[in-house]
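The values are calculated or read from the model by the stated rules, or taken from the named source; none is laboratory data. None of these values were measured; they are calculated from a predicted model. All Cβ positions, glycine included, derive from the backbone under ideal geometry; neighbour counts span all protein chains shown.
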C-alpha cells in the first residue's frame, strides 16, 4: 500500500519563466543609452515652441534646479524662448488657506479653456521648515483641469524663498508663454509676504475672500487691499449668499478709503461660487476691462518694464547672497562669528561687518 501524498508547502518555489536563449545586447545598450540621454538646449527650445508639455516640464525642472550645470542650460533655454514670450495675461491669485483657491482656479481655468484660451497654472506650495518637503497636491485638487488639453499645471515648492514664491517662478512664466499659453495663473501660498512677490510679476492681482470668517474688517487695512485689482468673495452659494453680498458691501466701502491707483483703475468687488460656477464670467470680464484700459493708457507695458527691472535687481541680490555663503573663507569664519554673537562677545552688526570685509577682500 502506497503512503499518502504529502501536501505541498505554500512556500514551495515554482518554476518561473526561463529567459530567452538569445539576448540582443545591442538593443539593451541602446535602451540604456536613451534612458540616460538628456535633451539638449536646442531640443528643449524646439519642443517648447512646438507646445510640447514634456519639454516644458523638463525645462522648468532645469530652471528650478540648484545645479550650476543645469542653471547654465536653463539660461540658454530661457534666452531661446524669450523672443516668443510676453504675449500673455499674467494673473496672480491669493487668499488665506481655506478660501478655496484651488477650487476657484479649476473653475476659472476651465471657463477660460472653453473660451479657447490656453491656461498655465503655476502653483506654489509651502515647504515645511522642518522636513523641507512639500505636498504639491494641486494636480490632485484640480482633477478636471489637469485633464484639459489646453491647460498646464505645475506645482512647485516654495523652498526657502522669502514670501513663499518659488525662486524661479518668474522664469517659468517666460517658458509657459513661449509654449503658447496666453493666460498664466500664479497661485500663492496665501501667507506671509508671498502676495508682494507675486504682485511684482503679474498684470492683474486677484484677492479671494470668504464671508463670515470675521475678516471683513481687514478691508480697512492697507497692504494687500491696496495691491488687489479685484476682490472676489468666494463660496457665495446656498445659505452663504446673503453673507457674501454683505461682505461685498463692506469691502466696497473700504476701497473708497484708499487713494487712487497709479493705473487709475478702480478695484472691483464681486461674488462668485467656484462650485456652481456663478460669477466666474464676470471676473473674466473685469480682467478684460482692466487689460483694455491699462493698454490704452500705456500703464500695462510700462508696468511690465518696471517688473523686468525689479527682477533683474532681485536676481543680482540673490546671486550675491548665494556667492557669499558659498565662499570657503566665509564658511569657516561664519560659525566662529555666530558663536561669538551668541555669547555676547561681539555685536551682530560688528560680526556682519567683519564677514563682509573678509568677503570683499577675497573678491577683489
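Quick look at the values:
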{"item": "Restricting the stretch 37-58 to residues that are modelled with pLDDT under 95 and under 15 Å from residue 168 (Cβ atoms), the residue that is surrounded by the fewest Cβ atoms within 10 Å (Cβ to Cβ)", "result": "57"}
{"item": "Selection from the stretch 64-75 of residues that are in contact with a helix residue (DSSP H, G or I) (Cβ under 8 Å, 6 or more places away or on another chain) and either modelled with pLDDT of 95 or more or part of a loop (DSSP other than H, G, I, E, B) (or both)", "result": "65"}
{"item": "Of residues in the stretch 226-240 being free of Cβ contacts under 8 Å to residues at least 60 places away in the same chain and out of contact with any helix residue (DSSP H, G or I) (no Cβ under 6 Å at 6 or more places or on another chain), the one surrounded by the most Cβ atoms within 10 Å (Cβ to Cβ)", "result": "228"}
{"item": "Among the candidates 362, 305, residue that is in a helix (DSSP H, G or I) and exposed (fewer than 10 other Cβ atoms within 10 Å of the Cβ)", "result": "305"}
{"item": "Condition met for residue 291 (crowded, with 17+ Cβ neighbours inside 10 Å, assigned by TED's automatic domain parsing to the domain that holds residue 100 and in contact (Cβ under 8 Å) with a residue 24 or more places away in the chain)", "result": "no"}
{"item": "Some residue of the stretch 7-23 being at pLDDT 70 or above and over 24 Å from the mean Cα position of the chain (by Cα)", "result": "no"}
{"item": "Filter pass, residue 250 being assigned to a loop (DSSP other than H, G, I, E, B) and farther than 18 Å from residue 91 by Cβ", "result": "no"}
{"item": "Residue 349 surrounded by 14 or more Cβ atoms within 10 Å (Cβ to Cβ), part of a helix (DSSP H, G or I) and at pLDDT 90 or above", "result": "no"}
{"item": "Matching residues in the stretch 248-277 - criterion: being at pLDDT 90 or above and in contact with a strand residue (DSSP E or B) (Cβ under 8 Å, 6 or more places away or on another chain)", "result": "248, 267, 268, 269, 270, 271, 272, 273, 274"}
{"item": "Residue in the stretch 278-286 that is within 24 Å of residue 250 (Cα to Cα), outside any helix (DSSP H, G or I), without any contact (Cβ under 8 Å) to a residue 40 or more places away in the chain and out of contact with any helix residue (DSSP H, G or I) (no Cβ under 6 Å at 6 or more places or on another chain) present", "result": "no"}
{"item": "Number of positions in the stretch 309-327 that are in a helix (DSSP H, G or I) and touching a helix residue (DSSP H, G or I) at 6+ places or on another chain (Cβ under 9 Å)", "result": "6"}
